[in-house]
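Working notes, structure below.
The values are calculated or read from the model by the stated rules, or taken from the named source; none is laboratory data. Just so it is clear, the structure is predicted and the values come from calculations on it, not from any experiment. Here Cβ is always computed from backbone atoms with ideal geometry, including for glycine, and neighbour counts include all displayed protein chains.
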Amino acid sequence: MYTHNVEDEMQPMVSALEEETGVNADFLNLSSEEGFSRAEAEFPDVGAEIQWGQLHSLALLAQEEDMLGSYESPEWEDVPDEFKDPEGQWYGWSYWYNELAVNTDLVEDLGLDTPTSWEDLTDPQYEGEIVMPDPSVSGTGFLFVSTIMQMLGEEEAWDYFEALDQNVGQYVESADVPGQMAAQGEYAIGITWDQAVNDFIEEGYPIEGVVPDEGVGYDLDVIWIYEGYEEDENVQQVVDFVGSEAGMEAAAEHRSMVTKPGIEGTAGDAEPNLIDYDALWAADNRQDIQDEWDSRFNS
């Protein structure tokens, strides 16, 4: 299996799969963009039979490129239709959103205000104190960039990113790293995702999670079978498990929200301010946005 999930959350879920089904699975962790590019280059001889953990927007791209096999799993019948493909080519098992990790000790020591909005992050007081994932390689970074674009429009969004760049001390490859660097006091603010913030809070770091006032984009974490492997019984059992009550409960230990009704994730009954995020628009514009980003900030 390929996955963009970090080992600390993927290994327990794979162990639960093996205990429940007897299916043994090996996984390779790759960032969202790296994993998709690799599978795209390998296709039709992809080095994995299944992708357990990837962006919904990239699932839509893979679907357009006929990379996905169809398998209609009975375990997913009670999952709402908006979280799964009608032909069984992809299934969304959890969803997540951008969140700011703010080091409360460092903000106080530096005399900074705690940001409450995306707009706040362009304030000169935060110069050099923000770390974020590079949207060219990180799905979390791309979710942030495409969210701002959908809220502001492309022209105004690029002006925003130019202003934000003045305050960003470092762009990193992994979604969790900004949260970690903020937690450890290397930066005051990390642009990251909800579960990373929750994890560092639980570990006792002086971290506060902030959902910006304007709202946040969200994305499904999906599972799919690569074309040609859809008749494999072991592969089908993996998809069945992920959609089952046992699979969703295993996921709920590591994710703020899962898609199966009646199962509560780590966020409990929290209701973050989610925008009406258009994953199809994000997929269709992904390459152009990343190319423009590279030309502006990675050249």
### Message
For region 196-222, give me the residue count where each residue is outside any loop (DSSP other than H, G, I, E, B) and either among the β-branched types (Val, Ile, Thr) or touching a Gly at 6+ places or on another chain (Cβ under 8 Å) (or both).
### Response
13
### Query
Looking at 247, 265, 228, which one is crowded, with 23+ Cβ neighbours inside 10 Å, in a loop (DSSP other than H, G, I, E, B) and either in contact with a Leu (Cβ under 9 Å, 6 or more places away or on another chain) or in contact (Cβ under 8 Å) with a residue 60 or more places away in the chain (or both)?
265
### Query
Among the residues of region 268-280, which ones are surrounded by 14 or more Cβ atoms within 10 Å (Cβ to Cβ) and either assigned to a helix (DSSP H, G or I) or aromatic (Phe, Trp, Tyr) (or both)?
277, 279
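Keeping to region 207-219, report how many residues are touching a Phe, Trp or Tyr at 6+ places or on another chain (Cβ under 7 Å) and surrounded by fewer than 23 Cβ atoms within 10 Å (Cβ to Cβ).
Looking only at region 207-219, we keep the residues that are touching a Phe, Trp or Tyr at 6+ places or on another chain (Cβ under 7 Å), and these are 207, 212, 214, 216-219.
Adding the requirement that they be surrounded by fewer than 23 Cβ atoms within 10 Å (Cβ to Cβ) leaves 212, 214, 218.
Residues in region 207-219 being touching a Phe, Trp or Tyr at 6+ places or on another chain (Cβ under 7 Å) and surrounded by fewer than 23 Cβ atoms within 10 Å (Cβ to Cβ): 3 in total.
Looking for whichever is among the acidic types (Asp, Glu) and closer than 26 Å to residue 195 by Cβ here; the options are 64, 40, 34, 77. Which one fits?
None of the others qualify; the one that does is 34.
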### Task
Would you point out which residue out of 129, 155 is closer than 20 Å to residue 290 by Cα, in the same structural domain as residue 194 (by TED's automatic domain parsing) and over 19 Å from the mean Cα position of the chain (by Cα)?
155
### Summary
The lone condition residue 116 fails out of (1) among the β-branched types (Val, Ile, Thr); (2) surrounded by fewer than 17 Cβ atoms within 10 Å (Cβ to Cβ); (3) within 20 Å of residue 278 (Cα to Cα) is (3)
### Task
Name the single residue, out of those in region 183-205 being at pLDDT 95 or above and in contact with a Phe, Trp or Tyr (Cβ under 8 Å, 6 or more places away or on another chain), that is nearest to residue 219 (Cα to Cα).
191
### Matching residues in region 254-299 - criterion: being in contact with a Phe, Trp or Tyr (Cβ under 6 Å, 6 or more places away or on another chain) and over 18 Å from residue 61 (Cβ atoms)
257, 259, 272, 274
## Note on the structure
Quick count over region 92-131, residues being free of Cβ contacts under 8 Å to residues at least 40 places away in the same chain and in a loop (DSSP other than H, G, I, E, B), is 2
### Message
Suppose the filter is in a loop (DSSP other than H, G, I, E, B) and within 20 Å of the chain's Cα centre (by Cα); does residue 174 pass it?
### Response
yes
### Task
For residue 291, state whether it is farther than 24 Å from residue 16 by Cα, assigned by TED's automatic domain parsing to the domain that holds residue 164, of a type in the set (D, E, K, R) and surrounded by 14 or more Cβ atoms within 10 Å (Cβ to Cβ).
no
